[in-house]
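All remarks here apply to the structure that follows.
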Amino acid sequence: MTGAHAPHHLDAGRDREVPPRVGRVEPDPPLVAEGTTDDPTLETIIDTVIDWFGHHGRDLPWRHDGTTPWAVLVSEVMLQQTPVVRVLPRWTDWMQRWPTPADLADAPTAEVLRAWDRLGYPRRALRLQECAQMIVREHGGVVPRGIEALRALPGIGEYTAAAVTAFAHRERAVVVDTNIRRVLARSVQGLALPAPSYSAAERALATRSLPPQPPRSVAWNQAVMELGALVCTARSPRCAQCPLAEAGCAWVAAGSPAAPEGSRRRQAFEGTDRQLRGQIMAVLRRDGEATHAALLTLDAADPERVARCEASLVADGLAVRSAGRLRLP
DNA sequence: AAGGCGGGGTC
DNA sequence: GACCCAGCCTT
């Protein structure tokens, strides 16, 4: 890490001169890579969004020049379903404590779970440590290159493999997260929101939208994700501040139609096993262990549920039984 | 394709 | 109180 605190435009600035204005300011590279396009509207969108990122992108620490591929991978895992602001302090502490895969591989798992704190989905912490161990054992302690090798690591799926390829290795990758899905759904497809489940058609659209070569592809990955996070948000999109509103956004052009009345029932959380598991893990993080009797007080009305959750935590490797108590592994 | 899996901020 | 968040994994 250089320690530099260059304001904004970190990645775009490093990868490519930011175009001074909307529109094409230089010829594109030959369209050799699969999934590229010569659609002028799409080209305008790409240049516009990259330019916007140069001025408005956040100065996030894992974007700093010199951040190791491992540190980028850790950030991506932490960011799986957890907002940036909550990840920031945990990531900083984590990387200071365990800077390399070998460091994390050798750490006591109980300490790993404690350091994960309340980021949620603590199975991710277990998988991250397993991931570090696999990197040490099978890749000489170095984060491997290539989507296939990355996806073989525990906890690394399609998105994270692509994100590590783009943001750590600076190679071309089809990165599609919830932000990018939403920006493409609106700006290209004219939809208020993407469909609930990710489709092959969306993957094809993202592939088609991706510039043919790095560093421009990487700048696009980063910029479009940031636009979705800061401007083209799920709930109240800030279209007045959006560089695409008058540069070809299909949704705005269509009059920003509302989403069809969605009956997507979300899972409830109150009263679920997921909630109780979280409460049990909070006790274990604090005390290291707990008796069954103590855990029963978390839901005195339903001892079966407590027992079920304890058992599932053990089955997941998040806790172990020892001397009649539940404790961190 | 659907459902489980945390936790907290926001509207 | 419902919705959302740089998803992954199993069924």
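Among A:84, A:42, A:328, which residue has its Cα furthest toward the positive end of the charge dipole of chain A, with +1 on Lys/Arg Cβ and -1 on Asp/Glu Cβ?
So the residue furthest toward the plus end is A:328.
Report the extension gain between residue A:208 and residue A:274 in nm, rounded to one decimal, defined as 0.36 nm multiplied by the number of residues separating them, less their alpha carbon distance. Provide the component values of the computation, followed by the final result.
Numbers: separation 66, 0.36 × 66 = 23.76 nm, distance 3.84 nm.
Answer, rounded to one decimal: 19.9 nm.
Which percent of the accessible area of chain A is formed by carbon and sulfur heavy atoms (probe 1.4 angstrom)? Don't skip to the end; give the middle numbers.
On the way: 8580 of 16160 Å².
Reported share for carbon and sulfur atoms: 53 percent.
Run through segment A:221-313 and list the trypsin sites (Lys or Arg not before Pro) located in a DSSP loop whose Cβ has at most 14 other Cβ atoms within 10 Å.
Here the trypsin sites (Lys or Arg not before Pro) that fit, given the DSSP loop and packing criteria, are A:235, A:238, A:264, A:265, A:266.
State the Kirkwood hydrodynamic radius of segment A:64-215 in Å, one decimal place, computed from all pairs of distinct Cα atoms. Please report the intermediate quantities before stating the final value.
Numbers: mean 1/r = 0.0611 Å⁻¹.
Over segment A:64-215, the inverse of the mean reciprocal pair distance is 16.4 Å.
Pop out the ³J(HN,Hα) list for segment A:295-300 in order, Karplus 6.51 cos²θ - 1.76 cosθ + 1.60 with θ = phi - 60°, rounded to Hz; leave Gly and Pro as x.
For segment A:295-300, the Karplus-derived couplings read 5, 4, 5, 5, 8, 4 Hz, x marking Gly and Pro.
Can you compute the equivalent ellipsoid semi-axes for chain A, i.e. the square root of 5 times each eigenvalue of the Cα gyration tensor, sorted largest first and rounded to whole Å? Write down the numbers at each step before the final one.
Numbers: eigenvalues 315, 120, 54 Å².
Taking √(5λ) for each eigenvalue gives 40, 25, 16 Å, largest first.
Work out from phi, with θ = phi - 60° and the Karplus expression 6.51 cos²θ - 1.76 cosθ + 1.60, the ³J(HN,Hα) of each residue of segment A:225-234, listed in order in whole Hz, and give x for Gly and Pro.
Taking θ as phi minus 60°, the curve returns 5, 5, 4, x, 6, 9, 10, 8, 7, 5 Hz for segment A:225-234.
When all protein chains stay in place, what accessible area (Å², nearest 10, 1.4 Å probe) is found for residue A:203?
Approximately 90 Å² for this residue.
Under 18 Å from a label point 7 Å along Cα→Cβ of residue A:170: give me every residue in segment A:193-218 with its amide N that close.
A:211-218
Through the Karplus equation 6.51 cos²θ - 1.76 cosθ + 1.60, θ set to phi - 60°, convert the phi angles of segment A:161-169 into ³J(HN,Hα) values in whole Hz; use x for Gly and Pro.
Result, ordered by residue: 4, 5, 5, 5, 4, 6, 8, 9, 8 Hz.
What is the Cα centroid distance between segment A:228-247 and segment A:170-220, reported in whole angstrom?
Between the Cα centres of segment A:228-247 and segment A:170-220 lies a distance of 16 Å.
Size of the dipole of chain A about the Cα centre, Lys and Arg at +1 and Asp and Glu at -1 on the beta carbon, nothing else charged, in debye to 20? Kindly include the intermediate steps, with their values, before the conclusion.
Values: 39 positive and 38 negative charges, 164 e Å.
That gives chain A a dipole magnitude of about 780 debye.
Which of rounded, prolate, oblate describes segment A:273-327, given a ≥ b ≥ c as roots of the alpha-carbon gyration tensor eigenvalues and a/c under 1.5 marking rounded, otherwise prolate only if a/b is larger than b/c? The partial results should precede the final answer.
Numbers: a/c = 1.36, a/b = 1.24, b/c = 1.10.
Verdict is rounded for segment A:273-327.
Using only Cα atoms, tell me the angle between helix A:123-139 and the longest principal axis of chain A; keep it within 0 to 90° and round to the nearest 10.
It is inclined by approximately 70 degrees.
Under the 0.36 nm per residue contour assumption, what length would be gained going from the current alpha-carbon distance of residue A:106 and residue A:323 to full extension? Kindly include the intermediate steps, with their values, before the conclusion.
Working: separation 217, 0.36 × 217 = 78.12 nm, distance 2.53 nm.
Length gained between residue A:106 and residue A:323: 75.6 nm.
Pull out a ≥ b ≥ c, the square roots of the eigenvalues of the alpha-carbon gyration tensor of segment A:216-312, then state rounded if a/c is under 1.5, prolate if not and a/b is larger than b/c, and oblate in the remaining case.
Working: a/c = 4.70, a/b = 2.49, b/c = 1.88.
Since a/c reaches 1.5 and a/b is larger than b/c, the shape of segment A:216-312 is classed as prolate.
Report the full-extension gain for the segment residue A:149 to residue A:85: residue separation times 0.36 nm, less the Cα-Cα distance, to one decimal in nm. Could the numbers behind the result be given before it?
Working: separation 64, 0.36 × 64 = 23.04 nm, distance 2.97 nm.
20.1 nm is the gain from fully extending residue A:149 to residue A:85.
What value, in deg cm²/dmol to 500, does the helix sum -39500 (n - 2.57) over DSSP H runs of n ≥ 4 give at 222 nm once divided by the residues of chain A?
Dividing the helical sum by the residues of chain A leaves -14500 deg cm²/dmol.
The values are calculated or read from the model by the stated rules, or taken from the named source; none is laboratory data. Everything quoted here is computed from the prediction, not taken from an experiment. A quick note on method: Cβ atoms are made from the backbone with ideal geometry, for glycine too, and the neighbour counts reach across all protein chains shown. Note: areas computed on protein heavy atoms with side chains; ligands, DNA, RNA excluded. Shrake-Rupley method; radii C 1.70, N 1.55, O 1.52, S 1.80 Å.
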